[in-house]
1. Just name the residue that is modelled with the lowest pLDDT out of those in the range 1-52 that are aromatic (Phe, Trp, Tyr) and surrounded by 11 or more Cβ atoms within 10 Å (Cβ to Cβ).
2. Return the residues of the range 46-74 that are touching a residue at least 12 places away in the same chain (Cβ under 8 Å), in contact with a Lys or Arg (Cβ under 8 Å, 6 or more places away or on another chain) and not in a helix (DSSP H, G or I); say none if nothing qualifies.
3. Go through (1) closer than 20 Å to Asn74 by Cβ; (2) aliphatic (A, V, I, L, M); (3) part of a helix (DSSP H, G or I) one by one and return the number of the condition Leu43 breaks.
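The values are calculated or read from the model by the stated rules, or taken from the named source; none is laboratory data. This structure is a prediction, so every number in the text was calculated from the model and none was measured. Note that each Cβ is placed from the backbone with ideal geometry, even for glycine, and that neighbours are counted across all protein chains shown.
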Amino acid sequence: MSSELSNVQSTFTLGIAGGSGSGKTTVVDSITTELGDDVVNVLPHDAYYRSKPHLDFEERSNSNFDHPDSLETN
């Protein structure tokens, strides 16, 4: 696959979505391994979770991180 894609001259964006534990990171890691991390840029959406330092551990543990409101995507 790498040799076939090495001739591609265009840039594209690929979005990988799914719930927690669905295998998104595994898929991204496989793509990065196959194509090479020198040609793949990964922007993990996990970096955009709302900060909740005002909540204690138990309250944070009960948060639904799969709900769209848990992410700062404005």
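1. Of everything passing the filter in the range 1-52, Tyr48 is modelled with the lowest pLDDT.
2. If the condition is that a residue be touching a residue at least 12 places away in the same chain (Cβ under 8 Å), in contact with a Lys or Arg (Cβ under 8 Å, 6 or more places away or on another chain) and not in a helix (DSSP H, G or I), then Leu71, Glu72 are the ones that fit.
3. Evaluating Leu43 over (1) closer than 20 Å to Asn74 by Cβ; (2) aliphatic (A, V, I, L, M); (3) part of a helix (DSSP H, G or I) leaves (3) as the failure.
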